[in-house]
Amino acid sequence: ILTRITRPTRGRATIRRNVQSLLEVGTGFHRELTGRENVYLNGAVLGMPAREITEKFDEIVEFSGVRKFIDTPVKRYSTGMRVRLAFSVAAHLEPEVLLVDEVLSVGDEEFQKKCLGKLDEVAGRGRTVLFVSHNLQSITRLCDRALLVDGGRVVMDGRAHEVVGEYLAAGAQSTANREWDDATTAPAGDVVRLRAVRVRGEDGNVVDAIDCRQGFRIEMEYDVVKPGNVLRMAFTVRNHDESAAAFTVFDLDRRWRGKRRPSGRYVTSAWVPGDLLGDGMYTVDASMSVPGTGKPEFHEVGVVAFHVVDPLDGETARGDWAGRIEGAVRPKLEWTTEFEAAPDERSRVAPGQAVS
């Protein structure tokens, strides 16, 4: 409706600014034309004057990464090449308001990161970007403000990380709490039966969204059904957007480490400090084994999930940097700087004093 593609069944939308949209990457491409010709055709479809396309042509092609094939008919392009070129054209529009609807779900991961950076750049020049997505990390990184919409009604309007937290908490079943009430279906071996895995915040409540500055604990509840065995348990925390694990930890509780356990119900927790993880979605693998047996009692992959949010207020490990930061682990470290003034400055600069 806002892009004037369809009319509202009732009511109206009033547009007061120059609005462009990225709703479906590649609209306006002609397979028989070359990449160069399609840049001009697609730009025209999106409302870009020919003179502006010419001025930005080299920048568009460079961003797309298909310069070598720019004079090749698009019908010989791979899907990924078409996506790169199409997004590059659309991303170089300069509207006052840019509507973006899920177009970043296409293309490889590297190019998606590049596209997010471009949207950051557009927003940084004072333009408004309306970004519609189910990618929560992209929303919290790109957006200052977010709207949660359910059934056509605005449920919440506020800071992006707060709205994302509400979205996660509103699910029918918390992703941060997995329980097995039926012992016959619970993951189990000869010695141990898993009953629950949970993520709890500093207040002890199960949480789906965690401020990156706050600590939390990962909790495993289990039954020892065969007494007299030493147990080894571990949690692996994985970044949903990275191939490698963020970290793996083993149970080091001195009260039970290396000791044979009687039968009964146990709850074991690992405390994760604040200012350790970067923003994003994380999953947890939970495993248990009896040393020397050669096989796990259970190994549950992605058994629970949680979302770490960065409020972008300048008080986290990212400081004043608002762009993407590589890596799942983002510790807030102590920094110091030693300063010695140049000889001609020593008489007028005191230690720690900035020079204007």
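The values are calculated or read from the model by the stated rules, or taken from the named source; none is laboratory data. Keep in mind it's a predicted model, so treat the numbers as computed, not measured. We place every Cβ from the backbone using ideal geometry, glycine too, and count neighbours over all the protein chains shown. Just the protein is used for accessible areas: all its heavy atoms, side chains included, with ligands, DNA and RNA removed. Shrake-Rupley method; radii C 1.70, N 1.55, O 1.52, S 1.80 Å.
Taking the square roots of 5 times each eigenvalue of the Cα gyration tensor of the range 259-345, largest first, gives ellipsoid semi-axes of 43, 18, 12 Å. Note that the chain presents 58 Å² accessible area per residue, ligands and nucleic acids not counted, probe 1.4 Å.
Per-residue accessible area (protein heavy atoms, 1.4 Å probe) orders R257, R127, R232 as R257, R232, R127, starting from the largest.
Per q in 0.11 1/Å, what log10 I(q)/I(0) does a Debye calculation on the alpha-carbon atoms of the range 130-244 return? Calculated log10 I(q)/I(0) at the listed q: -0.52.
The distance between label points at T3 and D344 comes to 5.8 nm (points 7 Å beyond Cα on the Cα→Cβ vector).
The tail of the calculated P(r) for the range 171-214 beyond 18 Å holds 42 percent of all Cα-Cα pairs. Across the chain, Cα pairs under 8 Å and at least six residues apart give a relative contact order of 12 percent.
Ignoring lysines fewer than eight residues from K68 along the same chain, the ones with Cα atoms less than 25 angstrom from its Cα are K56, K113, K114, K118. Per-residue extension of 0.36 nm, minus the Cα-Cα distance of T336 and L252, leaves a gain of 26.9 nm for this segment.
In the chain, helical runs assigned H by DSSP with n ≥ 4 each contribute -39500 (n - 2.57); averaged across all residues and rounded to the nearest 500, the mean residue ellipticity at 222 nm is -6500 deg cm²/dmol.
Computed about the Cα centre, the dipole magnitude for the chain is approximately 780 debye when only Lys and Arg (+1) and Asp and Glu (-1) carry charge, each at its Cβ. Treating r as the C-beta distance of D144 and A50 and R0 as 35 Å, the FRET efficiency rounds to 0.50. Using heavy atoms of the protein chains and a probe of 1.4 Å, the accessible area assigned to Y167 is about 100 Å².
Carbon-plus-sulfur accessible fraction, the chain (probe radius 1.4 Å, protein heavy atoms only): 48%. Remark: relative contact order (the range 172-216) = 34 percent; criterion is Cα-Cα distance under 8 angstrom and separation of 6 or more residues. Computing FRET efficiency as 1/(1 + (r/R0)^6) for R265 and V155, where r is the C-beta to C-beta distance and R0 is 30 Å, gives about 0.20. For the range 207-288, the relative contact order works out to 48 percent when only alpha carbon pairs closer than 8 Å and six or more residues apart are counted.
When mean projected area of the Cα convex hull in nm² is computed from the coordinates, the matching label among (i) 28.5; (ii) 21.6; (iii) 17.9 is (i).
When the chain is treated as a GNM with alpha-carbon contacts under 10 Å, the residue of G124, G215, G11 showing the greatest mean-square fluctuation is G11. 3J(HN,Hα) along the range 47-54, derived from phi through the Karplus expression 6.51 cos²θ - 1.76 cosθ + 1.60 where θ = phi - 60°, amounts to x, 9, x, 4, 4, 5, 4, 4 Hz, with x in place of Gly and Pro. Distances between placed amide hydrogens fall under 5 Å for A246 paired with V237, R238, N239, all partners being 5 or more residues away or on another chain. Solvent-accessible surface of protein heavy atoms, probed at 1.4 angstrom with all chains present, puts V249, V74 in the order V249, V74, largest first. Ranking T337, V309, M288 by how far each Cα lies toward the positive end of the dipole of the range 197-346 (charges on Cβ) leaves M288 at the top.
The angle between the Cα long axis of helix 160-169 and the main principal axis of the chain comes to about 50°, on a 0 to 90 degree scale.
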